[in-house]
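Peer 1: Here it is, the structure, as structure tokens.
The values are calculated or read from the model by the stated rules, or taken from the named source; none is laboratory data. These numbers were taken from a predicted model, which means no experiment stands behind them. We place every Cβ from the backbone using ideal geometry, glycine too, and count neighbours over all the protein chains shown. The area values use the complete protein model at the heavy-atom level, side chains included, leaving out ligands, DNA and RNA. Shrake-Rupley method; radii C 1.70, N 1.55, O 1.52, S 1.80 Å.
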Amino acid sequence: MPVLYDRLLKLKEVFKSKFGSIPKFYVRAPGRVNIIGEHIDYCGYPVLPMAVEQDMLIAVEPVKTHTLQLANTNPLYPDFSTSDNNIQIDKTKPLWHNYFLCGLKGIQEHFGLNKLTGMNCLVDGTIPPSSGLSSSSALVCCAGLVTLTVLGMHLSKVELAEICAKSERYIGTEGGGMDQSISFLAEDGTAKLIEFSPLKATDVKLPSEAVFVIANSCVEMNKAATSHFNIRVMECRLAAKLLAKYKGLQWDKVLRLEEVQANLGVSLEEMLLITEDALHPEPYSSEEVCRCLEISLQELRTQILSPNTQDVPIFKLYQRAKHVYSEAARVLQFKKICEEAPDNMVQLLGELMTQSHVSCRDMYECSCPELDQLVDICRKFGAQGSRLTGAGWGGCTVSIVPADKLPSFLANVREAYYQKNNRSLAPEKQSLFATKPGGGALVFLEA
């Protein structure tokens, strides 16, 4: 905690020079690394993340006026202020302050408040942006907890996570809730199996003889700024509807692939076989989807697709469903291995992580050449398994590395990926580091 204490002191000084007053409290929300279970939370399946030590920290002073003033310690992010009671979030430009507004708006709407909560806030983040470590969700969660604290209201961690997951959609990202859940429900020393509907977190004890290493590909991808992410969400939704119709279910009520499995009462392995029978590997055109569901193009666009995916010409339904059902099975296997702790545990977990990356790369197509290269380098230098983490298309990899190999692993990866490719390692701690499971969001009061 000494590092955090130093940051709080520094933040207090910057706050004083910015606003001419002292903050009343501070809120911290961590980023996360998803160890396994990529792109399946929004399909209704459990995931297995842990919080990292990198975080968002906000110094806060409530004010009597209904004015919000936001500043950031990073000069790349300009100041923002508003007195508008009707908070408008521009989906076309995912600017940093819009993520704060998501958390604020979510809490205000939950309590039915129509007057803007007045406060001065200074934000300090140590999570590299667009790295797949959930900097944007940490800011949404931080803002939600800030607003709740200013209002003097109380909610459970689960309620906070659910509100923040819903409110991040104001910015146009159709996420599933993993990032917000782990930000609030994380605990020191343990990863969590996060289940949805209802939201629930279960401890997963990771092997003590291995460490998880995060490596940043240095390729940035802003989830809300690209339609890649939302197209995948819609492809999964369409795959669920076609599978449901194929099996004679009420397909128009189905939104997620997990619902198809639950309604049929079959295993994930059986769902993979049903996918083989029901869907073809060739991409589906909008017209073919309409024929399969017996609906018009207009109905498809207005009733099923999200606004930013209405003009997508083709959908790869078979590949997306295959990834989701196989990845959901890998999450359950990972948890089982952690519980049973066999002698070759690290090797088995590593194999699951590598299989996950192959599926993300080939079936979900959310990797990129740099991530693939980084995964190969990590495995070459001693990782038992490695995979992209976060949405993909850039960002970070996570690798499981035997603890005794850590120093040589870090040195070799640094040389092979960062120095050879002349990629910025500044600040180095943000690009390549070992991590252990950290705690969730907290409020610190000014003494």
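Peer 1: Can you tell which of Leu76, Leu11 is in contact with an Asp or Glu (Cβ under 8 Å, 6 or more places away or on another chain) and farther than 30 Å from Leu268 by Cβ? Lay out the reasoning, then the answer.
Peer 2: Numbers: Leu76 fails: in contact with an Asp or Glu (Cβ under 8 Å, 6 or more places away or on another chain).
Result: Leu11 is the single residue among Leu76, Leu11 that is in contact with an Asp or Glu (Cβ under 8 Å, 6 or more places away or on another chain) and farther than 30 Å from Leu268 by Cβ.
Peer 1: So, one more: So is Ser130 touching an Asp or Glu at 6+ places or on another chain (Cβ under 9 Å), open to solvent by less than 10 Å² (accessible area, probe 1.4 Å) and not in a strand (DSSP E or B) or not? Walk me through it before giving the result.
Peer 2: On the way: touching an Asp or Glu at 6+ places or on another chain (Cβ under 9 Å): yes; open to solvent by less than 10 Å² (accessible area, probe 1.4 Å): no; not in a strand (DSSP E or B): yes.
So Ser130 fails the test.
Peer 1: Quickly run through region 107-127 and pick out the residues that are open to solvent by less than 20 Å² (accessible area, probe 1.4 Å) and touching a residue at least 40 places away in the same chain (Cβ under 8 Å).
Peer 2: Hits for region 107-127 are Ile107, Leu116, Thr117, Gly118, Met119, Asn120, Cys121, Leu122, Val123, Ile127.
Peer 1: Output the residues belonging to region 258-267 that are open to solvent by less than 50 Å² (accessible area, probe 1.4 Å) and more than 14 Å from Cys43 (Cα to Cα). Outline the logic, then answer.
Peer 2: As a first pass, look at region 258-267 and keep what is open to solvent by less than 50 Å² (accessible area, probe 1.4 Å): 259-261, 264, 266-267.
Within region 258-267, Leu264, Val266, Ser267 meet the criteria.
Peer 1: In addition: Just to be sure before I move on: is Val211 open to solvent by less than 60 Å² (accessible area, probe 1.4 Å) and over 18 Å from the mean Cα position of the chain (by Cα) in the structure I sent?
Peer 2: On the way: open to solvent by less than 60 Å² (accessible area, probe 1.4 Å): yes; over 18 Å from the mean Cα position of the chain (by Cα): yes.
In short, yes.
Peer 1: Got a sec? Which of Leu206, Leu243, Leu272, Leu255 is assigned to a helix (DSSP H, G or I), surrounded by fewer than 24 Cβ atoms within 10 Å (Cβ to Cβ) and out of contact with any Leu (no Cβ under 6 Å at 6 or more places or on another chain)? I'd like the intermediate steps shown before the answer.
Peer 2: Numbers: Leu206 fails: assigned to a helix (DSSP H, G or I); Leu243 fails: surrounded by fewer than 24 Cβ atoms within 10 Å (Cβ to Cβ); Leu255 fails: assigned to a helix (DSSP H, G or I).
One residue alone meets the criteria, Leu272.
Peer 1: Going through region 142-170 one residue at a time, which ones are open to solvent by 20 Å² or more (accessible area, probe 1.4 Å), under 20 Å from Leu122 (Cβ atoms) and without any contact (Cβ under 8 Å) to a residue 60 or more places away in the chain?
Peer 2: If the condition is that a residue be open to solvent by 20 Å² or more (accessible area, probe 1.4 Å), under 20 Å from Leu122 (Cβ atoms) and without any contact (Cβ under 8 Å) to a residue 60 or more places away in the chain, then Leu151 is the only one that fits.
Peer 1: Looking at Glu327, Glu299, Glu282 in this structure, which one is surrounded by 15 or more Cβ atoms within 10 Å (Cβ to Cβ) and charged (D, E, K, R)? Walk me through how you get there before you give the answer.
Peer 2: Numbers: Glu299 fails: surrounded by 15 or more Cβ atoms within 10 Å (Cβ to Cβ); Glu282 fails: surrounded by 15 or more Cβ atoms within 10 Å (Cβ to Cβ).
Result: Glu327 is the single residue among Glu327, Glu299, Glu282 that is surrounded by 15 or more Cβ atoms within 10 Å (Cβ to Cβ) and charged (D, E, K, R).
Peer 1: Then there is this: Please go through region 302-324 and pick out each residue that is open to solvent by 70 Å² or more (accessible area, probe 1.4 Å) and not in a helix (DSSP H, G or I). Break it down stepwise before answering.
Peer 2: Quick first cut of region 302-324, residues open to solvent by 70 Å² or more (accessible area, probe 1.4 Å) only: 302-303, 307-308, 311, 313-314.
Of everything in region 302-324, those that are open to solvent by 70 Å² or more (accessible area, probe 1.4 Å) and not in a helix (DSSP H, G or I) turn out to be Asp311, Pro313, Ile314.
Peer 1: In addition: So if I check each of Leu425, Leu332, which one is at pLDDT below 95, open to solvent by 20 Å² or more (accessible area, probe 1.4 Å) and touching a Leu at 6+ places or on another chain (Cβ under 8 Å)? Before you say what the answer is, go through the steps one by one.
Peer 2: Details: Leu332 fails: at pLDDT below 95.
When all the criteria are applied, what remains is Leu425.
Peer 1: Name the residue, out of Leu104, Leu70, Leu48, that is closer than 30 Å to Arg361 by Cα, open to solvent by less than 20 Å² (accessible area, probe 1.4 Å) and either among the basic types (Lys, Arg) or modelled with pLDDT of 95 or more (or both). Reasoning before the result, please.
Peer 2: Working: Leu104 fails: closer than 30 Å to Arg361 by Cα; Leu70 fails: closer than 30 Å to Arg361 by Cα.
Sole residue among the options that is closer than 30 Å to Arg361 by Cα, open to solvent by less than 20 Å² (accessible area, probe 1.4 Å) and either among the basic types (Lys, Arg) or modelled with pLDDT of 95 or more (or both): Leu48.
Peer 1: Also, quick follow-up: How many residues are in contact with a Phe, Trp or Tyr (Cβ under 6 Å, 6 or more places away or on another chain) and over 13 Å from Arg361 (Cα atoms) if we restrict to region 382-397?
Peer 2: In the first step, residues of region 382-397 are kept if they are in contact with a Phe, Trp or Tyr (Cβ under 6 Å, 6 or more places away or on another chain); the result is 382, 391.
Filter once more, keeping what is over 13 Å from Arg361 (Cα atoms): 382.
Residues meeting the conditions: 1.
Peer 1: Something else now. Just one of (1) modelled with pLDDT under 90; (2) among the charged types (D, E, K, R); (3) farther than 29 Å from Leu155 by Cβ trips up Arg169, so point out which.
Peer 2: Among (1) modelled with pLDDT under 90; (2) among the charged types (D, E, K, R); (3) farther than 29 Å from Leu155 by Cβ, the lone unmet condition for Arg169 is (3).
Peer 1: If Ser386 meets every condition in (1) touching a Cys at 6+ places or on another chain (Cβ under 7 Å); (2) in contact (Cβ under 8 Å) with a residue 60 or more places away in the chain apart from one, which number is that one?
Peer 2: (2)
Peer 1: Which members of region 2-37 meet the condition of being exposed (fewer than 13 other Cβ atoms within 10 Å of the Cβ), over 27 Å from Gly132 (Cα atoms) and among the β-branched types (Val, Ile, Thr)?
Peer 2: Scanning region 2-37 gives a single hit, Ile22.
Peer 1: Would you say His97 is open to solvent by 40 Å² or more (accessible area, probe 1.4 Å), closer than 20 Å to Asp179 by Cβ, modelled with pLDDT of 95 or more and out of contact with any Gly (no Cβ under 6 Å at 6 or more places or on another chain)?
Peer 2: no
Peer 1: Looking only at strands (runs of 3 or more DSSP E) that lie completely in region 1-101, which have at least 1 residues being touching a His at 6+ places or on another chain (Cβ under 8 Å)?
Peer 2: Working: elements: 25-36, 48-62, 68-72, 80-82.
Counting at least 1 such residues, we get 68-72, 80-82.
Peer 1: Examine region 389-402 for a residue that is within 19 Å of Cys218 (Cβ to Cβ), open to solvent by 10 Å² or more (accessible area, probe 1.4 Å) and touching a Leu at 6+ places or on another chain (Cβ under 7 Å), and state whether such a residue exists. Lay out the reasoning, then the answer.
Peer 2: Within region 389-402, the subset within 19 Å of Cys218 (Cβ to Cβ) is 389-399.
Now restrict to residues that are open to solvent by 10 Å² or more (accessible area, probe 1.4 Å): 391, 393.
Those still in the list that are touching a Leu at 6+ places or on another chain (Cβ under 7 Å) too: none.
No: region 389-402 contains no residue that is within 19 Å of Cys218 (Cβ to Cβ), open to solvent by 10 Å² or more (accessible area, probe 1.4 Å) and touching a Leu at 6+ places or on another chain (Cβ under 7 Å).
Peer 1: Let me ask you something else. From the list Glu174, Glu109, Glu162, exactly one residue is of a type in the set (Asp, Glu) and touching a Gly at 6+ places or on another chain (Cβ under 8 Å). Which is it? Explain how you work it out, then say what you get.
Peer 2: Working: Glu174 fails: touching a Gly at 6+ places or on another chain (Cβ under 8 Å); Glu109 fails: touching a Gly at 6+ places or on another chain (Cβ under 8 Å).
Just one listed residue meets the conditions, Glu162.
Peer 1: Scan region 149-201 for residues that are among the polar types (S, T, N, Q) and within 14 Å of Gly31 (Cα to Cα) and jot them down.
Peer 2: Residues of region 149-201 that are among the polar types (S, T, N, Q), as a first pass: 149, 156, 167, 173, 180-181, 183, 190, 197.
Result: Gln180, Ser181, Ser183.
Here's the yes/no breakdown for (1) open to solvent by 40 Å² or more (accessible area, probe 1.4 Å); (2) out of contact with any Leu (no Cβ under 9 Å at 6 or more places or on another chain):
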{"site": "Val346", "(1), (2)": "no, yes"}
{"site": "Glu365", "(1), (2)": "yes, yes"}
{"site": "Arg379", "(1), (2)": "yes, yes"}
{"site": "Pro407", "(1), (2)": "yes, yes"}
{"site": "Val413", "(1), (2)": "no, no"}
{"site": "Gln419", "(1), (2)": "yes, no"}
{"site": "Phe433", "(1), (2)": "no, no"}
{"site": "Gly440", "(1), (2)": "no, no"}
{"site": "Val443", "(1), (2)": "yes, no"}
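Peer 1: Could I ask something else about it? Name the pairs: first residue in region 201-213 and modelled with pLDDT of 95 or more, second residue in a loop (DSSP other than H, G, I, E, B), Cβ to Cβ under 8 Å, at least 6 apart or on different chains?
Peer 2: Qualifying pairs under 8 Å: Leu206/Pro437; Pro207/Ala341; Ala210/Gln384; Val211/Lys436; Phe212/Leu206; Phe212/Lys436; Val213/Ala383.
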